Structure formats: C-alpha cells, structure tokens
Amino acid sequence: MSSHFKKKTSTKQEIPLASLPDIIFMLLIFFMVTTVLRETTVQVRTLLPRAEALTKIDQKRLVSYLYVGPKKLPGNKLGDTAVQIDDALIDDVNAIRTVMYRKLLEQPKLIVSLRVDETSEMGIVLDVQQELRQAGTLRINYSTKREL
Amino acid sequence: MAALLKKKKSREAEIPMASMADIAFLLLIFFLVTTTIDVDTGIGMVLPPPLDQEQDPPPVKERNMLKILISDQGAVLLEDKPSAINLVRGEVIKHITNDGADPNYAESARKAVVSIKTARQTPYESYVGVLDEVWMGYFEVWDGEARKLGFPNYKDYVAELGDSKDNEVRDKIPAAISIAEPDPS
C-alpha cells in the first residue's frame with residue numbers, strides 16, 4: 001500500500017522534458033549569432049588608456065583594427081614599438097596607406113579603431129594618422145577603456 | 001490487424017531524441033566559452049583630408065584658437081602657460097561659450113578651434129588624457145544646449161534624433177579639435 005502511494009507522487013512531480021532541446025537550441029542560436037570569433041592574434045601589447053568621453057561603436061562590421069605597441073617577445077619581454085594590421089606586423093609605416101586604401105574600397109564607411117598602448121610615443125601615432133589621411137580613411141577611434 | 005502493422009512501421013523510422021539535448025548543450029557550452037560580448041568604446045575623431053603640398057592650412061585667428069601643448073614629459077601648456085590637466089576642461093568651456101565677450105577667447109562657438117599639439121616623444125596616455133578633457137568640455141556644453149531644447153542631456157537628444165543628420169546642438173557648437181603636427185626637431 002505504501003509503495004502504491006509513492007508511485008503516485010513520483011508521477012506528479014515529473015517535469016515535461018520534451019521542450020528542453022528547443023529551449024537549448026534557442027540559447028544556442030542566440031550565442032551563435034552574437035559570437036564574433038577572434039581571427040587575429042595580437043602580436044603587440046596594447047594596454048589601453050582610460051577615458052571618460054566615450055562613444056560606442058555599434059556597427060562592428062565597419063571597424064578595422066590597427067594595433068600600436070611594444071612587440072611581445074617570448075619570455076614575457078617587450079621589444080620595440082610596432083604597428084600591426086590584421087595578422088601582420090607592418091615593417092614600413094608607408095605601407096599602411098595601401099592596406100587601408102584597399103580596406104576602404106571594400107567598406108566605404110570604414111572606421112579605423114586605433115588600439116594604442118598607453119606607453120607608446122605620439123610620434124608613431126601621428127605617423128600612422130598621416131598615412132590614414134593619405135589613404136582617405138578619416139574616421140578613426142582611439143580605443144580606450146572606461147574610467148573607473 | 002492493419003492498424004497494428006502501421007504502428008510498428010512508424011516506430012522503426014523513429015530517431016532517438018534523448019541525446020538531442022546533450023548535443024545541443026555541448027554546442028551551447030562551446031559558444032558560451034568563445035563568445036566575447038564587449039562593446040568597443042573609444043574617443044571618436046575625424047581626421048582632416050590630406051592637403052596638397054603647396055596648399056597652406058586654412059588660417060585661424062589667434063583669439064579663436066585655444067592652444068594646448070603637451071610636452072615630451074607629458075606636461076600641459078595652456079596658451080603657453082603651464083597648467084594642470086584638470087583645468088583644461090574649464091578653459092575649453094570658457095573658450096567655446098565666450099561669444100565674443102572676452103577678447104582672449106573665441107568670437108563665437110562656430111569659429112572656436114581647440115588645437116592640441118604634442119611632441120614626438122609625448123606619451124600617448126597624456127595625449128588621450130588631454131583629448132578626453134577637451135571632449136568632456138564639449139559634452140558639458142552640449143548637455144547645456146540639449147537641456148535648453150527640453151532634453152535631460154545630450155545623449156538623450158542624440159538618441160531621439162536617431163539616424164537623422166539634423167543635429168541642432170552640433171550645428172550650433174561644432175567640435176573643432178585640431179591635432180597639430182609636432183615641430184621638426
């Protein structure tokens with residue numbers, strides 16, 4: 001008799017699991033859509049400075065990143081300041097012009113996000129900016145973190 | 001009998017659905033781990049188009065230009081006088097809201113230019129610090145203008161505008177920040 005009772009309660013507490021895959025798939029699709037897979041490995045250190053007057057870049061597809069900072073060397077050492085676009089380090093600053101011009105042809109509304117290390121000197125940043133002017137990519141964004 | 005046969009046939013074609021949730025979970029965990037939901041933030045600027053070699057940059061009257069020089073040590077010179085970085089914002093606000101009152105500041109907000117000049121050795125961090133203060137000055141003035149139009153602040157005004165380019169506040173007080181080339185040394 002007691003076993004009979006037990007069985008009855010256990011059937012009552014069952015949660016319907018039929019919709020579980022659907023729920024999981026919904027979540028899965030959300031994360032698949034929002035994911036941006038990192039396709040580049042940054043070879044320079046970019047410790048971003050902090051600032052207050054921030055603007056958000058909503059359209060990520062318009063953004064092209066340009067990294068400036070000391071080169072990461074094996075053994076946690078830092079080398080000379082270098083410029084990196086996408087996957088490659090740029091040896092000659094004058095090469096930025098052609099690279100960026102090609103990117104601009106693909107995406108006319110291009111925004112160049114300058115991820116510059118806070119210890120870098122202005123000289124290299126100004127050189128890069130001159131190249132960007134020559135390429136015609138005039139919309140830039142100094143990438144910064146929010147001031148705490 | 002016929003009904004019984006039919007039932008048996010449909011059972012044979014069934015795919016086991018019990019593992020579906022597990023498979024979906026695995027994929028979900030993969031995407032959870034690889035996802036980075038970080039919004040890019042930064043200070044937006046528009047560079048001036050390149051000038052021709054023989055063409056001189058457009059002239060700006062001395063009084064309309066607020067000169068900020070950042071030395072190679074990161075020290076700030078406001079109109080050639082040494083100054084603290086947190087005084088920059090107040091000077092910028094005074095400069096763009098002057099409207100011709102003080103002869104040392106700009107004639108009108110539309111003509112006002114803030115010029116930031118650095119040395120080649122200036123640390124990027126101090127440059128961004130000064131640029132940030134200048135932008136904050138502009139944002140404070142824009143906030144005031146947006147309040148006159150009946151919005152709590154400038155951000156709400158921009159949100160209200162949406163995609164339309166008709167930004168009254170920015171038409172009235174355009175942000176003119178010029179990044180000067182360092183002197184050749």
Which percent of Cα-Cα pairs in the protein assembly as shown sits in each 20 Å bin, short to long?
-> 23, 45, 17, 11, 4, 0
Once you average over the residues of A:13-24, how many Cβ atoms of partner chains fall within 10 Å of each Cβ?
-> 3
Compute the signed sum of charges (Lys and Arg +1, Asp and Glu -1) over the other residues within less than 15 Å, Cβ to Cβ, of A:E131.
-> +1
Listed pairs A:K77/B:K155; A:K145/B:K81; B:K81/B:K155 exceeding 32 Å between Cα atoms = A:K77/B:K155; B:K81/B:K155
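Assuming R0 = 22 Å, can you tell me the calculated FRET efficiency for the pair B:S19 and A:K60, based on Cβ-Cβ distance, to the nearest 0.05?
Computed FRET efficiency for B:S19 and A:K60: 0.05.
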Inter-probe distance in nm under a simple model that places probes 7 Å from Cα toward Cβ, at B:N104 and B:K155 = 3.4
When B and A pair up, the total accessible heavy-atom area removed from solvent (1.4 Å probe), in Å² to nearest 100, is 4300
Spread of Cα-to-Cα distances over 10 Å intervals beginning at zero, given as percent, for chain A = 9, 29, 25, 11, 7, 6, 6, 4, 1
Please average, across the residues of A:122-134, the number of beta carbons from any other chain that are within 10 Å of each residue's own beta carbon, and give a whole number.
-> 4
For A:L78, enumerate residues with amide H under 5 Å from its amide H, sequence gap 5+ or separate chain, H modeled in the peptide plane.
-> A:L73
Can you figure out the FRET efficiency of A:E52 with B:E12, using R₀ = 51 Å and their beta-carbon distance, to the nearest 0.05?
-> 0.15
Quick one: of the DSSP bridges fully inside segment A:50-146, what percent are antiparallel, nearest 5?
-> 50
Helix hunt in chain B: which complete DSSP H runs extend at least 15 Å axially by C-alpha with mean Kyte-Doolittle at least 1.6?
-> B:20-34
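Just need the relative contact order of chain B here, percent rounded to a whole number, with Cα pairs under 8 Å and 6+ apart. Walk me through the numbers on the way to the answer.
Working: 194 pairs, mean separation 34.6, N = 185.
Relative contact order comes out at 19 percent.
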Whole number in Å², please: accessible area per residue of the protein assembly as shown, 1.4 Å probe, ligands, DNA and RNA not counted.
-> 64
With a 1.4 Å probe and every protein chain left in place, tell me how much accessible area A:K109 has, in Å² to the nearest 10.
-> 130
Relative to the first principal axis of the alpha-carbon coordinates of chain A, what is the inclination of helix A:2-12, with its axis defined by its Cα atoms, in degrees from 0 to 90 and to the nearest 10?
-> 40
Per-residue SASA entry for A:F25, accessible area with 1.4 Å probe, Å² rounded to 10 | 70
Global geometry of chain B, whether rounded, prolate or oblate, following the gyration tensor of its Cα atoms and the 1.5 cut on a/c = prolate
For helix A:95-106, report the angle its Cα long axis makes with the longest principal axis of the Cα atoms of chain A; keep it between 0 and 90° and round to the nearest 10°.
-> 50
Residue-count net charge about B:P174 - beta-carbon cut-off 11 Å; Lys, Arg +1, Asp, Glu -1 = +3
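For each pair in B:K117/B:K165; B:K94/B:K172; A:K109/B:K165; B:K61/B:K148, compute the distance between the two Cα atoms and list the pairs where it is over 20 Å.
Distance filter (> 20 Å) returns B:K117/B:K165; B:K61/B:K148.
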Which aspartates and glutamates have a Cα less than 13 Å from the Cα of A:K72, not counting those fewer than 8 places away in the same chain?
-> A:D80, A:D117
Total charge of the residues flanking B:R110 in space, meaning their Cβ is under 15 Å from its Cβ, with Lys and Arg +1 and Asp and Glu -1, is 0
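The values are calculated or read from the model by the stated rules, or taken from the named source; none is laboratory data. In this text the structure is predicted, and so the values were computed from the model without any measurement. All Cβ positions, even for glycine, are placed from backbone atoms using ideal geometry, and neighbour counts span all protein chains on display. Areas reflect the complete protein model, heavy atoms only, side chains present, ligands, DNA and RNA absent. Shrake-Rupley method; radii C 1.70, N 1.55, O 1.52, S 1.80 Å.
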